[in-house]
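Below is one structure, written out as structure tokens; comments come after it.
Please treat every number below as a calculation from the coordinates, not as lab data. Predicted model only: the values in this text are computed from it and were never measured. Cβ: placed from backbone, ideal geometry, glycine included. Neighbour counts: every protein chain shown.
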Amino acid sequence: MSAIVIQKISKSFGATSVLQDISLTIKDGEFVSLLGPSGCGKSTLLRLIAGLDVAERGSIVVGQHDVTRLLPKDRDLAMVFQSYALYPHLSIYDNIAVPLRMRRLNAWQRLPGVRLFSRLQQKIEREIRQDIHEVAATLGIEALLPRKPAQLSGGQRQRVALGRAMVRKPEAFLMDEPLSNLDAKLRVHMRSELSQLHRTLGATFLYVTHDQAEALTMSDRIAVMMEGSILQYDTPDEIYRNPNDLRVAEFVGSPRINMLQGWVREGKLEILETEHTTLSRSYLDLAVDAPHGLGVVVAFRSEQCSLVSAEQAVLKGVVTHLENLGSDTLVHVSIKQAKDHVIVRVAAQAPRVKLGALVGVSVSMLPLVFSEQGPRLTVKAAWQVAAPATLAPALETA
Amino acid sequence: MKTLKPHAPKQRTKINWAPLYLLGPALVLMVMFLLGPLLAVLGLSFTDYQLGAKAFNWIGVENFIELYQDKNFWRSLRNTAFYSVVVVPTSVLLGLAVALLIEAQKSFKDFYRTIFFLPVMATLIAMAISWQFILHPTFGFLNLLLKEFGLPTHNWLRTEGLALWVLAAIGIWNQFGFNMVLFLAGLVSIPRHLYDAAAMDGASTAFERFRLVTWPLLGPVTLFVVVITAIRSFQVFDTVAILTKGGPSKSTEVLLYTMYAEGFEFFKSGYASAVTIVFLVIVLALTLIKTRYLEKKVHYV
């Protein structure tokens, strides 16, 4: 169990640069997720740490050892692959035994038939057997040991892949989207199981995923990656509530964060009217510390806003779609100033709105403001679009 | 009794002819060109029929008894076995080795693939004639080359104990390209992540990776290649017919050449049919081993 310190790692394939000066510190025993869309370089970073690819620049330290130039087998890290990567010709027992045999037996002892006359080999094999049964018991896969991978379900194979990684008690676990080949229900179940496993083992986990829900539910910290660099590295709460970049805000959270387009006008925020026939502009009483004329994006989450009557609201539009989630309903409102539909989360017991109704949207918290290029801007004053108190009665007619 | 089956259906149901119509053409061709001749050969092997004769007698298993006592037949069987024992492992291993080398290459893959596959595409008879010139004792390229380096020369195809080796070498040259192509296809189908897993598990040398991943996952391909090569080795005929005609002193006489000589040179059709039956039984046995026993052991999915 060790910390992993990555410093200024760069990697490119041919002319395309995949990772640029990545630095990341993972504490001993921490569960860290690398979160990002496909092609952001998160898997490449994991492969560099594993030693399956070699970085052009930078260093990787695991525990006390600089492993940057070491072979994968000398790094003492274990990896779980998206496709499980079990050896199809070996039984589950032998699959889990491979990492132990490769390390504890020499080339001569691994030859077939040596067990017939080498006492030492027999002794080592007995120890291996014990370790395998221990791991199999932890994962509840003892009954599967004599079977072949092809005879197992996806979830069972996933457990075996975990077992193969766990069995030699590595310094840290590297996981490359291990749950994405499972069906939705099993995926949710395995999330809690992985968290539990992390707590039991107390080991360092580095988990690559493109699923923000997985990252949010399991991690101690999340590193959000885009286009080869880390945008934000923080706890799930901070990533969700305080994204430091528009791309982070957009990527994390479901449903997607609501975004309005606007600009800065003499230190104040102005929301764009996209309809050119009216020249009216929506001014928001928000002071931002940014140069005049800068294009900005105002963002708020679906649970940070509510439906109000259309008359008093600056943000108003027509209900275009309703998503009933049971516990609550997502109301999609088509608003001119928004980049896309604004999605409002409404509690199930709240009065129902109809498709096509004209509604206003009120934002109940200070929204996040980003420059169009991505970085977060600081907002000084309070947000006042419409007073929430006046709204509830008006809605019943909608 | 009639009352027991008041609603008994009509026993004569209409035969549905459509499937038979559809099967018909293929069935006719198979009977004409495969099953028919096979049965004819089987029948002939129990007769003393001679090519061109107007009549024949049933002589039971006499042909097979004669075969059993025929030293020449046993010699030809031994030669065929020897040829196969040399050609099968060598051309399989060589095919695998070349495939691994090509797969490890970064550039010129297509070039190497093509030149190693050329012998497979060439007409073996034409190639055999080329080999005849290369191996010619006086003006052959090989002997001239050996002379140039001061090495002893040989009459390659007329020396007992050497000629069969030379034929085997030509057989290997002719067959390994085919095996290489099959192995290349097999190598491409091995998932890359298994090599990653092997690297994480501690397999760091090329040999360890080969033993842990490549070799076991090539199992189905290897089995297919071995069986195909074995069957083709048992069928060796062209090179023997062109280069040695079974000589010198029958030292390169192989099963199919014996069959040909008995049937079309001595016109003993019944006897030749018996040889053919022996040949067919061997090929059938190989195929059965492949399907019944080995395939179960090497397929994973």
Most fluctuating residue of B:GLY140, B:GLY247, B:GLY150 in a GNM of chain B with Cα springs under 10 Å: which is it?
-> B:GLY150
Residue by residue, what Karplus-based ³J(HN,Hα) values in Hz, rounded to whole numbers, does the stretch B:168-173 have, using 6.51, -1.76 and 1.60 with θ = phi - 60° and x for Gly and Pro?
-> 4, 4, 5, x, 5, 3
Proxy reagent accessibility, fewest Cβ within 10 Å first, across B:TYR260, B:TYR83, A:TYR207 = B:TYR260, B:TYR83, A:TYR207
Within 10 Å of each Cβ in A:71-81, the average number of Cβ atoms from other chains = 4
In whole Hz, with x marking every Gly and Pro, tabulate ³J(HN,Hα) for the stretch B:151-160 from phi via Karplus 6.51 cos²θ - 1.76 cosθ + 1.60, θ = phi - 60°.
-> 9, x, 9, 9, 8, 3, 9, 10, 10, 5
Can you list the HN-Hα couplings for the stretch A:314-324, worked out from phi with the Karplus curve (6.51, -1.76, 1.60; θ = phi - 60°), rounded to whole Hz and with x for Gly and Pro?
-> 6, 9, 9, x, 9, 6, 10, 7, 10, 10, 8
Descending Cα extents along the principal axes, the stretch B:67-298, whole Å | 65, 51, 26
Evaluated over the stretch A:4-246, the Cα radius of gyration and Dmax, each in Å | 18.8, 66
How would you classify the stretch A:55-123 from its alpha-carbon gyration tensor, with a ≥ b ≥ c the square roots of the eigenvalues: rounded for a/c under 1.5, else prolate if a/b is greater than b/c, otherwise oblate?
-> oblate
Compute the relative contact order of the stretch A:68-165 as a whole-number percentage, counting only Cα pairs closer than 8 Å that sit 6 or more residues apart in sequence.
-> 46
So what is the relative contact order for the stretch B:25-109, in percent, with contacts set as C-alpha pairs under 8 Å and at least six apart?
-> 13
Over the stretch B:67-298, calculate the relative contact order: mean separation of alpha carbon pairs under 8 Å at least 6 apart, over the residue count, as a percent.
-> 29
Note the direction-averaged projected area, equal to a quarter of the hull surface, for the Cα convex hull of the protein assembly as shown, in nm².
-> 57.4
If we count trypsin sites (Lys or Arg not before Pro) as exposed when they sit in a DSSP loop and have at most 12 other beta carbons within 10 Å, what is the longest stretch of chain B that avoids them all?
-> B:107-301
Kindly put B:TRP215, B:TRP156 in sequence by how many other C-beta atoms sit within 10 Å of each C-beta, fewest to most.
-> B:TRP215, B:TRP156
